[in-house]
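Asker: Have a look at this one.
The values are calculated or read from the model by the stated rules, or taken from the named source; none is laboratory data. Predicted model, so just to flag it, every value in this text is computed and none were measured. Counting neighbours? That spans all protein chains shown, and the Cβs are built from the backbone with ideal geometry, glycine included.
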Amino acid sequence: MKNTALSQKHISLGAKMVPFAGYNMPVSYSGLNDEHATVRNAVGVFDVSHMGEFILKGENALDLIQRVTSNDASVLTDGKAQYSCLPNNDGGIVDDLIVYRVDEKTYMLVVNASNIDKDWNWISKHNTKNVEMHNISEKTSLLAIQGPKAIDTLQKLTDVKLSDIPYYSFAKGKFNGVDNVVISNTGYTGAGGFEIYFENEYAEKMWDSIFAAGTELGIKPIGLGARDTLRLEMGFCLYGNDIDDTTSPIEAGLGWITKFTKDFTNRAAIEKQKTDGVTKKLVGFEMIDRGIPRHDYQIADAQGNIIGKVTSGTQSPTLSKAIGMGYVNKDFAKADTEIFVVIRDKAIKAKVCKIPFLKK
């Protein structure tokens, strides 16, 4: 089991620790509902240092990224980031990721912790033009400071004007006296905020300074449990649940990050899906009758025919109702369609709804 540079800090704070993607990670501190509300209403800090970071450099760095990712990275300018995915050869997804353009010949890719080796091998296999590749995952720490009061907390620690960094953009600068910190207006909560990347040796210094800066704003440490409920309220996909090696970007509703203006892995098959349509679609749904949907629960129609399965589900702390996402036969994918989630052999009524569940 690997530790992040902050694992002992979490343990000393009384976090409940669990194994996640090969790392010893905090799942909760003060309780899921309290942590969730803290991020929605104030500011919370996630240690997400288990995520992977790759640096790609050289004349052909963009060419490599264009060939392995579904989105069009050629539109990026310095300081811009882009959500994308790595299609496989079988119609599924190797991983979803964020592509950062540092400069014309330098990019950073941020990938899921459980897929670091898999993604590295996949991209390396396609690196036929000698792009310089560095896996900096082991030496990089990443904190996500999320919530409406995140900017007020962090601005105390940097001269970089955070309000000038638009969504899915970033700046490199001095933060808490540390040079070359990547300050990115990204996050997976829908609550606003920033993610900061820096070398492991500064992790405790960064953590302590951020908490000191946010004390008057109600800052709290947040675990992976609340990260999951926060992202689900926004309808954001979680790799391994909502998308995986068997689900296509089109089925998953990720057509918006799939650009057919360029060539990429398995483009022809995915474009055919886009043109011809798919047999199943990822939808959001809310429970009408009492019951909480969970990963892999079956979804049925009114006659009891199995039409799909749940990929993510929870009791939404913000909405005070049970919500979920899942794949269903395309005929049942329209908003307001009645479906049934099979919970302990009982068909519990639900309805398909548009995502995000939480409207801004």
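Asker: So which residues in region 38-70 are within 18 Å of D263 (Cα to Cα) and touching a Leu at 6+ places or on another chain (Cβ under 9 Å)?
Answerer: L62, L64, I65, V68, T69, S70
Asker: Further, regarding this structure: Here are Y167, Y188: which of them is of a type outside the set (A, V, I, L, M), out of contact with any Asp or Glu (no Cβ under 8 Å at 6 or more places or on another chain), surrounded by fewer than 17 Cβ atoms within 10 Å (Cβ to Cβ) and in a loop (DSSP other than H, G, I, E, B)?
Answerer: After ruling out the rest, the residue left standing is Y167.
Asker: How do the pairs read when you match residues in region 151-176 that are over 21 Å from A81 (Cα atoms) with residues anywhere that are assigned to a loop (DSSP other than H, G, I, E, B) and of a type in the set (A, V, I, L, M), using Cβ under 8 Å and keeping only pairs 6 or more apart or on different chains?
Answerer: Short answer, once both residue conditions are applied: D152/V43; T153/V43; T153/I219; N176/L157.
Asker: If a residue has to be more than 14 Å from M51 (Cβ to Cβ) and surrounded by fewer than 15 Cβ atoms within 10 Å (Cβ to Cβ) to count, how many in region 130-151 make the cut?
Answerer: The number of residues fulfilling the criteria is 3.
Asker: Now for a different question. Take the residues of region 100-129 that are over 20 Å from V48 (Cβ atoms) and polar (S, T, N, Q): which is nearest to the chain's Cα centre (by Cα)?
Answerer: The selected residue is N121.
Asker: So how many residues does region 1-44 have that are assigned to a strand (DSSP E or B) and not assigned by TED's automatic domain parsing to the domain that holds G193?
Answerer: The qualifying residues number 1.
Asker: Additional query: For region 216-237, give me each residue that is touching a strand residue (DSSP E or B) at 6+ places or on another chain (Cβ under 6 Å), closer than 20 Å to Q315 by Cα and not in a helix (DSSP H, G or I).
Answerer: I222, G223, G235, C237, listed by residue number.
Asker: Out of I183, I123, I116, I need the residue that is surrounded by 22 or more Cβ atoms within 10 Å (Cβ to Cβ), modelled with pLDDT of 95 or more and outside any strand (DSSP E or B). Which one?
Answerer: On inspection, the qualifying residue turns out to be I123.
Asker: Taking into account only those residues within region 202-223 that are crowded, with 19+ Cβ neighbours inside 10 Å and hydrophobic (A, V, I, L, M, F, W, C), which is farthest from N112 (Cα to Cα)?
Answerer: Only one residue fits best here, namely A213.
Asker: Could we say that S74 is under 19 Å from the mean Cα position of the chain (by Cα) and among the polar types (S, T, N, Q) here?
Answerer: no
Asker: Since T77 meets every condition but one in (1) within 30 Å of L32 (Cα to Cα); (2) free of Cβ contacts under 8 Å to residues at least 60 places away in the same chain; (3) part of a loop (DSSP other than H, G, I, E, B), which condition does it not meet?
Answerer: T77 satisfies all of (1) within 30 Å of L32 (Cα to Cα); (2) free of Cβ contacts under 8 Å to residues at least 60 places away in the same chain; (3) part of a loop (DSSP other than H, G, I, E, B) except (1).
Asker: Only one of these is more than 15 Å from the chain's Cα centre (by Cα) and touching a residue at least 40 places away in the same chain (Cβ under 8 Å): G240, G218. Name it.
Answerer: Answer to the check: G218.
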